[in-house]
Amino acid sequence: MFGDQAIAETDSDLTRQHACEPLGERIIVSGRVLDDRGRAVSNTLIEIWQANAAGRYSHSNDQHPAPIDPNFTGCGRTLTDASGNYKFVTIKPGAYPWLNHFNGWRPAHIHFSLFGRAFATRLITQMYFPGDPLFAYDPVFQSVPDESARQRLIANLDLEKTKPEWALGYRFDIVLRGRESTPFETT
């Protein structure tokens with residue numbers, strides 16, 4: 001439960017939120033939320049949002065001429081367990097163009113929003129995928145000045161979480177504070 005709303009299983013499985021499966025590569029994204037001492041942060045609400053496999057968000061402001069997938073809205077949520085673990089099943093998002101500079105494209109990424117005990121404690125970050133050739137051209141990714149901090153925004157392929165012939169697994173741990181903290185967006 002979060003507040004007075006229960007979290008349904010399909011809230012964290014974005015591939016089962018509609019009558020049919022969405023198009024694209026199914027993936028499993030899991031990890032832990034940790035404090036600066038490596039201790040689990042339990043009962044944290046995590047929300048994600050992302051573009052579909054063609055790089056289009058299910059939002060009226062997204063006018064990119066890529067196809068809309070009627071079976072994918074790109075939003076999910078879950079709570080961390082007592083050990084700080086979380087898991088989402090989704091599809092790998094596509095890169096998409098944006099108009100902040102000539103021929104600008106965002107690398108494939110998933111937005112993460114974490115809520116602590118109160119909505120005033122919201123943190124937002126983005127998770128990227130290994131080896132994306134657009135990293136060097138993305139001002140959002142490059143806005144993190146420290147290379148080691150940028151690397152903490154990139155998920156790791158996790159073959160132990162991968163389900164053969166069904167979905168690749170990615171691990172993305174989120175550290176809230178300290179020298180090894182995950183970079184978060186500032187408002």
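Key figures for this structure:
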| item | result |
| --- | --- |
| Per-residue SASA entry for R177, accessible area with 1.4 Å probe, Å² rounded to 10 | 120 Å² |
| Spherically averaged projected area in nm², based on the convex hull that wraps the Cα atoms of region 35-109 | 6.7 nm² |
| Net length gained if the chain between R171 and A149 were fully extended (0.36 nm per residue, minus Cα distance) | 6.3 nm |
| Accessible-area value, C75, 1.4 Å probe, nucleic acids and ligands omitted, Å² | 70 Å² |
| Length added when fully stretched, E25-I68, from 0.36 nm per residue minus Cα-Cα | 13.9 nm |
| Cα-based Rg / Dmax (Å) for region 122-169 | 13.1, 38 |
| Simple Cβ-charge dipole of the chain, Lys/Arg +1 and Asp/Glu -1, about Cα centre, in debye nearest 20 | 280 debye |
| Radius of gyration and Dmax over the Cα atoms of region 1-155, both given in Å | 16.0, 46 |
| Loop-located chymotrypsin sites (Phe, Trp or Tyr not before Pro) in region 84-187 whose Cβ has at most 13 other Cβ within 10 Å (DSSP) | F102, W166 |
| Rounded to 5, percent antiparallel among DSSP beta bridges of region 88-187 | 90 percent |
| GluC sites (Glu not before Pro) lying in DSSP loop within region 99-187, provided at most 11 other Cβ fall within 10 Å | E160, E165 |
| Three-way shape call for region 70-187 based on the alpha-carbon gyration tensor, with the a/c threshold at 1.5 | rounded |
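The values are calculated or read from the model by the stated rules, or taken from the named source; none is laboratory data. Source: prediction; values computed, not measured. Positions of Cβ are generated from backbone atoms using ideal geometry, with glycine treated the same way; all protein chains shown enter the neighbour counts. The protein model used for the area step is the full one, side chains on, heavy atoms only, and it has no ligands, DNA or RNA in it. Shrake-Rupley method; radii C 1.70, N 1.55, O 1.52, S 1.80 Å.
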